[in-house]
There are 2 protein chains.
Amino acid sequence: MKTPTIRDVAQRAKVSLKTVSRVINNEPSVRANTRERVQRAIETLGYLPDLSARSLRSATSYALGVVYDNPNAYYVISVQNGVLSACREQGFGLQIHPCDSSSPRLAEELRDLVRRSRLAGLVVAPPMSERMELVRYLAANKIPFVRILSAAEDPADGYPCVYVDDRDAAYEITEHLIQLGHQRIGFLWGGVSHRSSPERFKGYESALKDYGIPLDKKLVIPGDYSFDDGFRGARRLFALRDRPTAIFGSNDEIAAGVLAAAKSCGIDVPYELSIAGFEDSPFSKQSWPALTTAKQNTEEIARHAALRLIAELRPPGDAIAAAYAKNEGFSPQLVIRDSTARARLPAAD
Amino acid sequence: MKTPTIRDVAQRAKVSLKTVSRVINNEPSVRANTRERVQRAIETLGYLPDLSARSLRSATSYALGVVYDNPNAYYVISVQNGVLSACREQGFGLQIHPCDSSSPRLAEELRDLVRRSRLAGLVVAPPMSERMELVRYLAANKIPFVRILSAAEDPADGYPCVYVDDRDAAYEITEHLIQLGHQRIGFLWGGVSHRSSPERFKGYESALKDYGIPLDKKLVIPGDYSFDDGFRGARRLFALRDRPTAIFGSNDEIAAGVLAAAKSCGIDVPYELSIAGFEDSPFSKQSWPALTTAKQNTEEIARHAALRLIAELRPPGDAIAAAYAKNEGFSPQLVIRDSTARARLPAAD
DNA sequence: ACTTTTGTTGACAACGTTGTCAATCAATGG
DNA sequence: CCATTGATTGACAACGTTGTCAACAAAAGT
């Protein structure tokens with residue numbers, strides 16, 4: 001009734017340990033006949049390879065780590081699920097590692113994590129993925145990793161990544177608001193520790209420029225990727241003499257804060273104020289009115305990142321190694337819902 | 001530059017492998033002098049014990065698994081963080097395992113997971129924790145586990161658990177609504193695969209009874225723990241001739257759906273309709289108006305569950321084993337926010 | 001026919017750690 | 001001073017697997 005080992009399988013199939021090992025690892029040079037016999041023995045015994053023993057013996061290991069520091073539950077779960085889907089497909093385990101991105105010992109912490117648990121590599125989410133000294137440390141310590149980061153194009157810095165074009169999507173959102181007739185569009189920044197924040201601002205800035213709308217600094221408010229900062233920022237904008245007719249919150253949480261602020265001030269959304277978010281978290285669908293936003297397919301992005309990492313681990317020439325050898329870019333898609341509408345005519349003011 | 005092993009430490013400290021092992025594991029019978037020498041060697045080399053080798057050699061392992069099947073990101077993250085906090089404190093790793101609770105092969109899947117990864121035990125979240133045949137299977141296969149489940153009292157079925165008194169909290173919420181003067185209170189069910197659903201209903205039912213309010217079956221709507229079912233259920237209630245003045249949604253997502261439905265019908269919350277949720281997800285704070293709800297401290301509950309599991313693994317007499325030897329109950333706390341208010345007087349209708 | 005190649009298999013060591021047990025040492029009691 | 005105890009230490013095997021290498025058999029080339 002003990003859990004069976006490779007030895008039990010070998011005995012039952014009347015072959016050596018090594019042959020069973022070969023069958024398990026799909027190595028060539030096993031006669032079809034023998035292979036089948038071993039397979040049968042494996043099935044009847046319900047044998048499962050022991051991951052500890054495996055990763056102890058072989059240099060290569062069978063688990064990835066995913067590293068994040070993000071209060072946004074939806075984002076984290078999406079990343080986890082995306083990575084997990086790739087891991088399960090490729091026979092890898094997954095170790096999650098929430099951490100404190102501001103910790104000075106983070107680099108060593110990650111190195112130790114990889115060593116202790118013999119991780120094959122790390123998927124690194126923002127904002128850690130954007131700290132170059134951390135990236136260089138990992139590379140210097142020969143720890144395989146893939147970054148998920150915000151960039152308009154492949155950073156081509158020699159380190160593998162999957163990048164998300166926040167700037168382009170922010171441009172589209174701003175453009176959408178402009179095309180609805182809005183001229184005074186407020187912008188609420190996300191946290192500056194995230195590269196996505198300035199990227200989204202750049203998209204906003206450049207759309208205004210392309211449409212010949214001057215940037216009014218009073219309409220741009222710093223803050224964090226949080227509901228509360230959205231609320232506070234919106235209140236500040238409402239207090240302006242010439243209040244904006246639309247507000248672009250750097251993510252859905254901020255936009256939710258704006259929505260709450262609008263309601264608390266009796267401002268009708270979308271007819272008096274259009275609101276756009278960013279991310280397409282479930283929240284944006286479930287608010288009232290539902291938020292116009294940019295849909296980031298985080299799960300798919302994370303899945304791709306994991307496969308990209310696994311590709312790096314494979315010997316060159318391998319099918320996966322080939323399919324995911326290059327850095328890939330993703331563009332969030334504009335999703336128009338009910339929180340944005342045509343600007344009321346100035347006359348009606 | 002290779003990662004140091006116990007062997008390197010032994011060499012440097014001029015002791016045998018075994019002595020180093022003893023120091024690492026805090027075993028007695030090492031002279032203070034020797035111990036210190038070894039510690040120094042460990043520090044200077046930056047030695048870290050290899051978890052694979054450890055769990056391969058020793059019968060006991062150093063990782064827990066957490067098993068869940070829940071679309072609610074906030075809930076899942078809270079459970080993960082709670083378990084993780086206990087794991088880090090006690091030197092355990094953590095393997096997450098989202099799964100499909102309706103899969104007929106789930107039991108074997110979990111057993112295989114535990115074997116392959118040499119997990120010390122499982123923290124099982126609802127609804128898996130409530131399927132007795134699964135529980136019995138785990139027990140029969142000598143897989144240590146702790147359940148998180150919904151119950152008014154210790155089930156005392158011999159299997160360890162941490163239980164949450166949903167019934168009592170649902171009673172309090174209903175009582176709160178009644179005390180605000182509501183007599184017609186709608187109830188939207190959660191998914192029936194979760195034990196918490198009937199528990200919450202029982203709380204609702206029994207509060208009505210205690211206050212002498214007859215249960216009107218037309219006000220009770222079946223559904224799932226989802227925004228959409230909240231929306232649809234609310235619409236059905238609004239269509240009634242004698243519409244309720246308050247609605248109790250079985251969780252915050254349902255309540256959010258009710259809120260959206262109310263807004264889409266131009267019903268003012270809370271003055272025309274009070275809404276209460278359950279769970280205290282961030283959402284409930286961030287909607288407008290903020291939701292009255294029952295605060296489940298999921299993170300603390302999960303943390304306790306993990307410690308309860310670790311206690312089961314320890315030899316009796318151990319400090320943790322003693323502190324967490326018994327099943328513990330938790331009661332969600334009523335949190336009154338802005339979505340509930342005094343019922344308007346019938347006269348004002 | 002005999003050598004060479006190719007394919008298939010197994011014996012053995014090794015990965016880094018801990019369990020077992022015996023050896024050594026210091027201290028205690030007679 | 002010697003026997004006895006108890007604390008400290010180390011040699012060795014073992015956990016379950018894979019890498020190395022050699023043995024062997026079958027197929028191919030001469």
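Tell me, yes or no, whether region B:65-84 has at least one residue that is within 13 Å of DNA strand D (Cβ to nearest atom) and under 37 Å from the mean Cα position of the chain (by Cα).
no
Looking at (1) within 12 Å of chain B (Cβ to nearest Cβ); (2) out of contact with any strand residue (DSSP E or B) (no Cβ under 7 Å at 6 or more places or on another chain); (3) over 21 Å from residue A:148 (Cα atoms), can you tell me which one residue A:281 breaks?
(3)
Under 20 Å from residue B:289 (Cα atoms) and either within 14 Å of chain B (Cβ to nearest Cβ) or surrounded by fewer than 22 Cβ atoms within 10 Å (Cβ to Cβ) (or both): is that true of residue A:220 in this structure?
So residue A:220 fails the test.
Looking for something within 16 Å of DNA strand D (Cβ to nearest atom), basic (Lys, Arg) and facing another protein chain (nearest Cβ under 10 Å) - is there at least one such residue anywhere in region B:39-58?
For region B:39-58, residues within 16 Å of DNA strand D (Cβ to nearest atom), basic (Lys, Arg) and facing another protein chain (nearest Cβ under 10 Å): present.
Under 8 Å between Cβ atoms, at least 6 apart or on separate chains: pull out the pairs that start in region B:244-262 with a residue that is at the interface with chain A (Cβ under 8 Å from one of its Cβ atoms) and end on any residue that is surrounded by fewer than 24 Cβ atoms within 10 Å (Cβ to Cβ) and among the charged types (D, E, K, R).
Note: pairs meeting the criteria are B:257/B:228; B:257/B:229; B:257/B:232.
Within region A:83-91, does at least one residue satisfy the condition of being at the interface with chain B (Cβ under 9 Å from one of its Cβ atoms), open to solvent by less than 30 Å² (accessible area, probe 1.4 Å) and more than 19 Å from residue A:313 (Cβ to Cβ)?
no
Looking at region B:110-149, which of the residues that are open to solvent by 60 Å² or more (accessible area, probe 1.4 Å) and within 14 Å of another protein chain (Cβ to nearest Cβ) is nearest to residue B:299 (Cα to Cα)?
Filtering first and then ranking leaves B:118.
Condition check ((1) touching a residue at least 12 places away in the same chain (Cβ under 8 Å); (2) away from DNA strand C (no atom under 16 Å from the Cβ); (3) hydroxyl-bearing (Ser, Thr, Tyr)) across all residues:
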{"position": "B:34", "(1), (2), (3)": "yes, no, yes"}
{"position": "B:43", "(1), (2), (3)": "no, no, no"}
{"position": "B:46", "(1), (2), (3)": "yes, no, no"}
{"position": "B:53", "(1), (2), (3)": "no, no, no"}
{"position": "B:68", "(1), (2), (3)": "yes, yes, yes"}
{"position": "B:97", "(1), (2), (3)": "yes, yes, no"}
{"position": "B:100", "(1), (2), (3)": "yes, yes, no"}
{"position": "B:110", "(1), (2), (3)": "yes, yes, no"}
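If I filter region A:12-30 down to residues being on the phi < 0 side of the Ramachandran plot, polar (S, T, N, Q) and more than 8 Å from DNA strand D (Cβ to nearest atom), which single residue comes out as surrounded by the fewest Cβ atoms within 10 Å (Cβ to Cβ)?
So the residue we want is A:16.
Does region B:151-163 hold any residues that are open to solvent by 10 Å² or more (accessible area, probe 1.4 Å) and not aromatic (Phe, Trp, Tyr), and which are they?
B:151, B:152, B:153, B:154, B:155, B:156, B:157, B:158, B:160
Look through A:7, A:88 and report the one residue that is near DNA strand D (Cβ under 8 Å from one of its atoms) and at negative phi.
Testing whether each residue is near DNA strand D (Cβ under 8 Å from one of its atoms) and at negative phi leaves just A:7.
Identify the residue in region A:62-76 that is in contact with a Ser or Thr (Cβ under 9 Å, 6 or more places away or on another chain) and either facing chain B (nearest Cβ under 8 Å) or of a type in the set (Lys, Arg) (or both) and, among all such residues, is least open to solvent (accessible area, probe 1.4 Å).
Among them, the one singled out is A:73.
Quick check on region B:15-32: of everything there that is of a type outside the set (D, E, K, R) and assigned to a helix (DSSP H, G or I), which residue is farthest from DNA strand C (Cβ to nearest atom)?
Per the stated criteria, the residue is B:32.
Looking at residue A:86 and the list (1) in contact with a Gly (Cβ under 8 Å, 6 or more places away or on another chain); (2) away from DNA strand C (no atom under 16 Å from the Cβ); (3) among the aliphatic types (A, V, I, L, M), which single condition is not satisfied?
(1)
If a residue counts only when it is over 20 Å from residue B:92 (Cα atoms), which helices (runs of 4 or more DSSP H) contained entirely in region B:245-331 have at least 3 such residues?
B:252-264, B:282-286
Does residue B:58 satisfy the criteria of being near DNA strand C (Cβ under 8 Å from one of its atoms) and open to solvent by 20 Å² or more (accessible area, probe 1.4 Å)?
The answer is yes for residue B:58.
The values are calculated or read from the model by the stated rules, or taken from the named source; none is laboratory data. These numbers come from a predicted model, not from an experiment. Virtual Cβ from ideal backbone geometry, glycine too; neighbours counted across all protein chains shown. In case anyone asks, the SASA skips ligands and DNA or RNA and just uses the protein heavy atoms, side chains included. Shrake-Rupley method; radii C 1.70, N 1.55, O 1.52, S 1.80 Å.
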